[in-house]
Structure formats: structure tokens, C-alpha cells
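Have a look at the structure below before the remarks.
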Amino acid sequence: MLNRTHLLSFLLLLIFCTAVNAQEKRILSLDDYTYEYIKRLQNRGEMLSLNPTSLPYTYGEVSEALKTIAQENLNSSEKVWVEFIKERIELNEASENEKNPMGIELVFGTRLSDTERLDVLRPLNQEIYAYPYASLSGYMERSNFVGQLSVRHDYYYDQDPDGIDAARRLFIRGEESYIGYDNDLVKIRLGRFYNHWGRYDEASSVLSTNARSFDQLNISIGGKYVSFQSIIGELDAISENDTFTGNAYTEGSKKRYVAMHRFNWRPSEKFGTSFFGSVIYSGVNSGLSLKYANPLLFYGFVTDNYPKNDENNLLMGGMIWGNHRSFSFSSQLMLDDVHVFTDVEEPITFTFLSSFTYALDNPSIDINLEFESSAYHTYNAPQAEGRYLYLGRSIATPTNDYIKVKLSPDFYLDDYLRGLKATPYLSLYLQGEKNINEPHRIRKPNGELYDVILTGTEEKTFRGGINILYQPNSNFWFELDTGYNSLENYNHITGNSNSRWGTIFEAGFRVGLYEGN
């Protein structure tokens, strides 16, 4: 008769994967709600050994951060959040002692909405849409090595109005698949998974989860106070006639790559600053570039110097974050098209992001203020292949040429219903006429320079809504975001209004089978 270990081994062979569950080196996926609880604790000065602006984390990193929490000092809601995290990362004696963990996980869920675009602040069309999704992952860890194979079905791959269809067969795409190696100094990952350089569930000026995950070599080097991170990624090619199709492999098409470097300085767990550079380079014969792979080479003195073998688009910037008692803040400034000692008339373009959180203990409430702004030429380039896109979606902020302000208190209602959060919010969103994926133009047809931000007649959206998240345990989740959008100058036509309700509901669950549990 088969025991549980034999059954697990048989299932793993069936899906041709090796797979994780003492879970030290495995990546905690950025679509996991565990980050929600980590962020809440970070807002209160806990788990700050994890860099709040450099995601994702590994299971082992989260486990070590949990051990620093003095639970006797936590209030009732904070204790619930810690238990949710422990449930998810399998923090128990059996998994900690397991030497060769492996397992499989199945995630299934669906999103229901009255907007084709899954963004309540920028809804598109007003019908009822259903976007089911499911993922199957198998993983294995041994010593300092980890491997994961994962496939994801998502109907939104096909229906996404902003991006290129990412999955032609059964709406299935390889996601969160990688091999990796970790030790105390170096962390290396080769594969396809999401990164986010910014606080969880907030915007990022350089790298976010907005675009589909892309294939990459990801290397982190450093320790507690100083560290480096480098990403070399392969993007989608562009056709010989300068259009993005996701299917550009014919003669004359140009290969596109992205290289990102980040230097982090953390004088204390309560404060950190980072400087980053990102380059998209491309050409008919482009490939892995040793020049851009060097993490200690400052891009600002490299991209336009000779030899210049590939066309490129350079972004540079920095970010800071900090926490003092109940107050947390984060800010990013990214500069594009910086012209120094030249006669180029094009103005400096930028993205500036900032967020502030004040955390109350009794009752548990977070008060949040977020500000975002991005100029009209940010993430664009004179050459179409330099646009900061992957499969039609922006690698950083979802759009450019916009300003957004959001005020939201988070009410944590665990004392009434475990895992319940309610967030009423007010948002102001201004969108100019420009977008990333269009020809790069400096001047209007009459010869005047475009405004730096909010070009032409901007759309004005004021939204009042509420977000409700409920997790009875770490393997089930329900989220509702509903509200009313008052929109002026719809389609950038003065006086044209298009006010409406916008709602997105998501429900999902996870099941897993793990050796040693």
C-alpha cells in the first residue's frame, strides 16, 4: 500500500517537476497576500530586516524576520498577522528540520468585474467579465540550491486590452519558474518571475509587477548595510517595421533586452536609500552584453560612449524609505532624457512617487497617502524599440503623462472577523493625452514644445470607493473593490463626461501537498 511519501513522488513524476517546502530559498511569489501582512508589520517597525522596497523575498528570509518579533508586545491584530505568515511559510518544527523539501501547489481563482481592464481607476467598457486563473507549481530544495517549475492559466492573458496576448495555447504561460543558488553573500536566480522595486501594492518608477514576468538572470550581492542587485532580462523583439506583435522573429526584427542595477545603503533597519539605473538596449544582433551586465558600471557614463553597439534608452534614479515608530514613508525619483552640456531642447522627463503611512495600534488602523506623477515622455524613446514595455505593458508605472493622489485608511477588523480588512478611499487621477506606445514627438504640429506633464486636455477622474479583503486562513481569499468614478473630459474632449460605477471581485484558494508535513 502506498504511503504519503510514495504518493507525492508519483505525483511529482507525473508533472515532470522537482519541487520546495522547508522553504528556505524558494521565492514567495508577489501575487501572494502574505506580503499584505508583512507590509502591515513593517509599518509598525517589525520585519525590517526585509528591505521594504526590494521584492520578492524568499521563504527563508521571511522566516528569519519573523524570529525577531517579540510577540508579547503585539496587539491582537498583529498577532493574527504573524499567524497568517507562519501558516503560509509552513513555519513549524517538521519543515525546519526537513533537509530535502519538495512539494506541489495548486492555486485556483477567478475575477469578476464590470470593466474589461482590471483597473478600477481606468475602467474600460461596462459589461460583466469573468477572468478565471489557475497555476500549478512543483518545487524542490537541496542545500543552497532551489528549483521550481510552474505553469499558469489566465484568461486575462488573452483579453487584456493593454498588453499583447502572452499565451497562445489554452491561455497557459510559464510563470514563476526558475533555478537558484543562495549563500550568505550571493543570491542568484535564472528564470521567469516577478520583481518589484518599491513598497508592496504601490507604484514603482523602474520595475513593477505591471508587465508580465520576463526571463532574467537576477544576482544579488551584499550584506546587512551595503548590497547590489543586477537584473539582465530578455524582452520581446520588435518587428522590422517597428511594431510590437509578440511574434517578431523574421529577418530585420530587433532583439530587445533590459539591464538594471541597484545599489542599496542601509545605515539602520529603520532607514534605507537606493540608487538605480536601467537600460533597454536593442539591435538586430543584440544579445547578452558584458558592458551592461557589470553591476559596478555606472550607466550614465556608459550608454552613449563609444563603442555603441546597440541602441539604448537610459533611466536613472533613486529611492529612500524610512520608519520612525508609527510613521513610514517612501519616495522615488526617476529621470529620463537628462541632457547636460548639450543643446538638445527636449526637457527633462521624470517619474516621482511618494507614500506616507501612519499606523495606529488600538484600534489597528493605517492611514495612507500616496502621490504619483509621470511626465509625458517618460519611458518613451525616439526609437520605438527603446520603449519601456514588455508585451505591450509598461515595466514600471502602468501609464505615463499622469498625476494620481490617493487617501485611504485601512481598518483591520480581526477582533470581529479574523482576516478582515476594510479600506474606504478617495482617489484623484489626471491623465494627459500621451502614452508610452506611440511615436516620440517633442513638438506640437504648430512648433510649440509639449507640456512636461498632462499634455493636451487631461481626463479628470475622482473616485470614491471601498476595498474589502477577507482571508479566513492563508489558503483562501476574497477581495472586493467597488466605487463610483466621476470622470470629466472623457477621451480628452472638453466637457465630455462618463461617470460610472466600477467593481472588481476576486476569490481564490490554494491547496498543496508537501513532503515532510
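The single residue among SER374, SER408 that is at pLDDT 95 or above and under 19 Å from the mean Cα position of the chain (by Cα) turns out to be SER374.
Selection over the range 411-454 of residues that are modelled with pLDDT of 85 or more, of a type in the set (A, V, I, L, M, F, W, C) and touching a Lys or Arg at 6+ places or on another chain (Cβ under 8 Å) gives a count of 6. Would you call LEU391 surrounded by 15 or more Cβ atoms within 10 Å (Cβ to Cβ), without any contact (Cβ under 8 Å) to a residue 12 or more places away in the chain and farther than 27 Å from ASP451 by Cα? Against the criterion (surrounded by 15 or more Cβ atoms within 10 Å (Cβ to Cβ), without any contact (Cβ under 8 Å) to a residue 12 or more places away in the chain and farther than 27 Å from ASP451 by Cα), LEU391 does not qualify. Checked against (1) at pLDDT below 95; (2) more than 30 Å from ALA381 (Cα to Cα); (3) of a type outside the set (Val, Ile, Thr); (4) buried (at least 19 other Cβ atoms within 10 Å of the Cβ), ASN473 meets all criteria but (4). Per this entry, THR455 is counted among residues that are farther than 20 Å from ARG111 by Cβ and either outside any strand (DSSP E or B) or among the aromatic types (Phe, Trp, Tyr) (or both). From the list GLU72, GLU141, which one is of a type in the set (D, E, K, R) and within 30 Å of ILE219 (Cβ to Cβ)? Of the residues listed, the single one that is of a type in the set (D, E, K, R) and within 30 Å of ILE219 (Cβ to Cβ) is GLU141. Considered as a group, the residues in the range 497-516 that are assigned to a loop (DSSP other than H, G, I, E, B) and touching a strand residue (DSSP E or B) at 6+ places or on another chain (Cβ under 8 Å) include one that is surrounded by the most Cβ atoms within 10 Å (Cβ to Cβ), and that residue is GLU515.
When VAL206, VAL258, VAL186 are checked against the criterion of being free of Cβ contacts under 8 Å to residues at least 60 places away in the same chain and among the aliphatic types (A, V, I, L, M), VAL186 stands alone in meeting it. THR68 satisfies every condition listed in (1) surrounded by fewer than 20 Cβ atoms within 10 Å (Cβ to Cβ); (2) out of contact with any strand residue (DSSP E or B) (no Cβ under 6 Å at 6 or more places or on another chain); (3) β-branched (Val, Ile, Thr); (4) touching a residue at least 24 places away in the same chain (Cβ under 8 Å) except (4). Which of the residues that make up the range 204-220 are farther than 23 Å from SER330 by Cα and either surrounded by fewer than 22 Cβ atoms within 10 Å (Cβ to Cβ) or out of contact with any Leu (no Cβ under 6 Å at 6 or more places or on another chain) (or both)? Once the filter is applied, which keeps residues that are farther than 23 Å from SER330 by Cα and either surrounded by fewer than 22 Cβ atoms within 10 Å (Cβ to Cβ) or out of contact with any Leu (no Cβ under 6 Å at 6 or more places or on another chain) (or both), the range 204-220 yields SER213, PHE214, ASP215, GLN216, LEU217, ASN218, ILE219.
GLN229 falls short on exactly one of the conditions (1) under 27 Å from ASN437 (Cα atoms); (2) in contact (Cβ under 8 Å) with a residue 40 or more places away in the chain, and that condition is (1).
Starting from the range 30-42, take each residue that is among the aromatic types (Phe, Trp, Tyr) and list its partners that are in a helix (DSSP H, G or I), counting only C-beta distances under 7 angstrom and pairs at least six apart or across chains. Every condition considered, the pairs that remain are TYR37/TRP81; TYR37/PHE84; TYR37/ILE85. Note on the range 403-420: among residues that are surrounded by fewer than 18 Cβ atoms within 10 Å (Cβ to Cβ) and in contact with a helix residue (DSSP H, G or I) (Cβ under 9 Å, 6 or more places away or on another chain), the one that is farthest from SER205 (Cα to Cα) is ASP415. Considering the range 125-152, the residues that are over 22 Å from TYR514 (Cα atoms) and among the hydrophobic types (A, V, I, L, M, F, W, C) include one that is farthest from the chain's Cα centre (by Cα), namely ILE128.
Scanning the range 455-467 for residues that are surrounded by 17 or more Cβ atoms within 10 Å (Cβ to Cβ), over 18 Å from GLY495 (Cβ atoms) and at pLDDT 95 or above yields ARG463, GLY465, ASN467.
Total residues in the range 161-183 satisfying the condition of being in contact (Cβ under 8 Å) with a residue 12 or more places away in the chain and either part of a loop (DSSP other than H, G, I, E, B) or acidic (Asp, Glu) (or both): the figure is 13. When the criteria are applied in full, GLY174 fails the requirement of being more than 21 Å from the chain's Cα centre (by Cα) and on the phi < 0 side of the Ramachandran plot. Tell me the residue from PRO472, PRO439, PRO398 that is farther than 17 Å from ASP366 by Cα, out of contact with any strand residue (DSSP E or B) (no Cβ under 7 Å at 6 or more places or on another chain) and outside any loop (DSSP other than H, G, I, E, B), please. That would be PRO472, the only listed residue that is farther than 17 Å from ASP366 by Cα, out of contact with any strand residue (DSSP E or B) (no Cβ under 7 Å at 6 or more places or on another chain) and outside any loop (DSSP other than H, G, I, E, B). Annotation for the range 461-483: at least one member residue is without any contact (Cβ under 8 Å) to a residue 60 or more places away in the chain, touching a Leu at 6+ places or on another chain (Cβ under 9 Å) and either small (Gly, Ala, Ser) or at positive phi (or both).
The values are calculated or read from the model by the stated rules, or taken from the named source; none is laboratory data. All values reported here derive from a predicted model rather than from experimental measurement. Cβ sites come from the backbone with ideal geometry, for glycine too, and all protein chains shown count toward neighbours.
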